[in-house]
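What follows is a short report on a single structure.
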Amino acid sequence: MTKMKKLINDPLKVADELVQGLVDAYNGECKFVGSRSIVKTDIPDGKVALLVGGGSGHEPIYHGLVGRNLADGAACGDIFAAPPPNIVFEATEEVDKGKGVLYLYGNYAGDVMNFDIGAELSDDEDIEVETVLICDDVCSAPPTEKGKRRGVAGLVPIVKLAGAASQSAESLQELAAVAKKASLQTRSVGVSMTPGSIPATGKPTFEIDEDKIGLGMGIHGEPGVAEIPMASADELVPKMLDLLVEDFEKDEDVAALGAGDEVVLFVNSLGATTMMELLIGLKIAKAYLEERGVTIYDTIVGPLVTCQEMSGISFSVTRLDDELKPLWDMPCQSVCYSKMEGRYGG
Amino acid sequence: MSKDNLTINEVRDMMLSVADKIIESEPILTDADRALGDGDHGVGMERGMTAVKEALSDKEFPTVAKVFQGVGTAMMSTMGGASGAIFGTFFRSGGKSLGDADTFGGEQVASFFQEGVDAVMARGGAKPGDKTMVDALAPAADKAKEVTSSPVSDALASVAAAAEAGKEASKDMIATMGRAKTLGEKSIGKPDAGAVSVAIIAATMSDYAQG
């Protein structure tokens, strides 16, 4: 494979430079903190804080989710690498307004270790920290071992809901409970078609045969459940959604997904898959879910959880209940995701 | 000629040679990690060891421990990822166990590797056989305990051989940790990238000690 053309400078400074650019995009709403964190400038005293974070290179997540009624800050790692503990700590110190900090991030070994060390450093300074891991990728472990699942695109609706809850949460524990519920009710399934590349080396993140796609492959190209032949949208999308529906069905911790349920449907591109393809996928997914009596309350569509020029698509479903729906209805604004009050068509 | 102990400055220079060797090995580490992980290990180690060079070059340290702790802090605060947390923990905890020793001999080699691998297992939850860097570190630590009375050059040569054998043995293991775990049996036949790094680090420490 030929090396990708990348508009960058020093490959080792890519993360620093992109976060500085992100701060510029926020135009005063957020600031660059410490070694490499981004934090809102107007967090009110006494607010329970929400901190996200993870490796860079997946823009516009994770740091693009800092914003109004969303996350208060993000600890930004290098490309595809968890943020080091000192960065997590610097972000924690900055977002803490006396009521503690919820860490909400995708379940990867590196992130868990570095955020845990960051939490230990914060504890030394008497800052209270709770952690909720995002484990929405149904293809990365069975329902009985949900704690081992990777965090993928589902983090967008989960952070949206937690960010809304954090505006009025009385305590860190109350916010953590909402984040856990949003996490539990959010499931994702993805396929990968061609790899992204590592900016520093230009090398592809994985290899796959020309005529094959990776079902359930992770956002870094971690192998999925199977390599299957490339197929049409009409063949592939229902196959993917079957995995989601089966997962809700098999998991004893949640009800099966079916008639009467209202969901947010998020159709995500891993980077190179076009809006054209996402919209075709969305059309099929909507029909598939409605056939089962599920109402699409709202949709998100776009390349929000990416891996450079990787091509692939993922579908995430978040089931709303009476507690989550008003949180969904709150408006929010960030570089990654913005919405008006209520829902489209509502 | 075999050397009984290394001085503090020699330990510093040994770690500078390790940093150079790892930076030079970036393509090997990247390829090893691409086979099983996401391919970021080589670049991460290069970044960490570049910071190690900055932290150690032309510096004086009061103890051997401070040299290793400096290595660990530089790696942990610049690499990120699982590698940064784990390698940082290894050097910081292994170094801390040396107290105020001002030489690095057979006893210190044993303490450094044992405390280091114990801390790595506590932090990451890996045990021997999980196809991680522990599979190179644990045999290295075991060997180090057998050669505490040897000159440091011989002790490190034995430790390096054990780390290399451990890395080779990791080829036959099934990954259960980190991003490689989803590969299951497909991970057989390739070594863990972290174990490859450990083998290079131990071999370079040994090469330096041979003089």
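A short reminder: the numbers here are calculations on the coordinates, not readings from a lab. Not measured: the values here are computed from a predicted model. Using ideal geometry, Cβ is built from the backbone for each residue, glycine included, and neighbour counts are taken over all protein chains shown.
What ranking do A:282, A:12 get, fewest neighbouring Cβ atoms within 10 angstrom at the top?
A:12, A:282
Please report how far the C-alpha centroid of region B:138-211 lies from that of region A:276-310, rounded to the nearest whole angstrom.
Centre-to-centre (Cα) distance: 46 Å.
To the nearest 0.05, how large is the calculated FRET efficiency for residue A:262 and residue B:20 if R₀ is 60 Å and r is the Cβ-Cβ distance?
0.50
Among all the aspartates and glutamates, which ones have a C-alpha under 14 Å from residue A:99's C-alpha, if same-chain residues fewer than 8 places away are not counted?
A:45, A:72, A:123, A:125, A:126, A:128, A:130, A:170, A:174
Among DSSP beta bridges lying fully in region A:232-346, give the percent that are antiparallel, nearest 5. Let's see the in-between values first.
Values: 9 of 17 bridges.
Percent antiparallel among DSSP bridges in region A:232-346 is about 55.
Going 7 Å from the Cα of residue A:343 toward and past its Cβ, which residues in region A:240-282 have a backbone nitrogen under 17 Å from where you end up?
Only A:257-267, A:282 pass the distance filter.
What do you get for GluC sites (Glu not before Pro) in region A:160-226 restricted to DSSP loop and a cutoff of at most 14 other Cβ within 10 Å of the site's Cβ?
A:170, A:207, A:210
Once each part is reduced to its C-alpha centroid, what is the distance from region A:34-99 to region A:193-268 in angstrom?
28
What list do you get for A:277, A:235 if you sort them by fewest beta carbons within 10 Å? Each step should come with its number before you reach the end.
Numbers: A:277 17, A:235 12.
By the 10 Å Cβ count, ascending, the order reads A:235, A:277.
Sort B:121, B:75, A:340 so the one with the fewest other Cβ atoms within 10 Å of its own Cβ comes first.
Final ranking by Cβ density, sparse to dense: A:340, B:121, B:75.
Using a/c under 1.5 as the rounded threshold, could you call chain A rounded, prolate or oblate? The axes a ≥ b ≥ c are square roots of the C-alpha gyration tensor eigenvalues, and prolate needs a/b larger than b/c, oblate otherwise.
Since a/c reaches 1.5 but b/c is at least a/b, the shape of chain A is classed as oblate.
Residues with beta-carbon under 14 Å from that of residue A:48, excluding residue A:48: net charge, scoring Lys, Arg +1 and Asp, Glu -1?
Value of the local net charge: -3.
Using +1 at the C-beta of Lys and Arg and -1 at the C-beta of Asp and Glu, which of B:98, B:188, B:68 has the Cα lying farthest in the positive direction of the dipole of region B:6-210?
B:188
Could you derive backbone 3J(HN,Hα) for region B:152-168 from the dihedral phi with the Karplus parameters 6.51, -1.76 and 1.60 (θ = phi - 60°), listing whole Hz in sequence and x where the residue is Gly or Pro?
4, 5, 6, 4, 5, 5, 5, 5, 5, 5, 5, 5, 4, 5, x, 4, 4
Rounded to the nearest 20 debye, what is the charge dipole size of the protein assembly as shown about its Cα centre when +1 sits on each Lys and Arg Cβ and -1 on each Asp and Glu Cβ?
The dipole of the protein assembly as shown has a size of about 660 debye.
With Cβ to Cβ distances under 13 Å as the rule, what net charge do the other residues near residue B:69 carry (K, R +1; D, E -1)?
+3
Along the charge dipole of chain A, Cβ charges K/R +1 and D/E -1, which of A:4, A:256, A:20 sits furthest on the positive end?
Most positive-ward Cα: A:4.
Roughly what % of DSSP beta bridges within region A:11-184 run antiparallel, to the nearest 5? Numbers along the way, then the final one.
Working: 7 of 22 bridges.
Percent antiparallel among DSSP bridges in region A:11-184 is about 30.
Net charge within 14 Å of residue A:15 by Cβ-Cβ distance, Lys/Arg positive one each and Asp/Glu negative one each, not counting residue A:15 itself?
Within the 14 Å Cβ shell, the charges total -2.
Compute the length gained on full extension between residue A:250 and residue A:4: take 0.36 nm times their separation in residues and subtract their Cα-Cα distance, giving the result in nm to one decimal. Provide the component values of the computation, followed by the final result.
On the way: separation 246, 0.36 × 246 = 88.56 nm, distance 4.17 nm.
So the extension gain works out to 84.4 nm.
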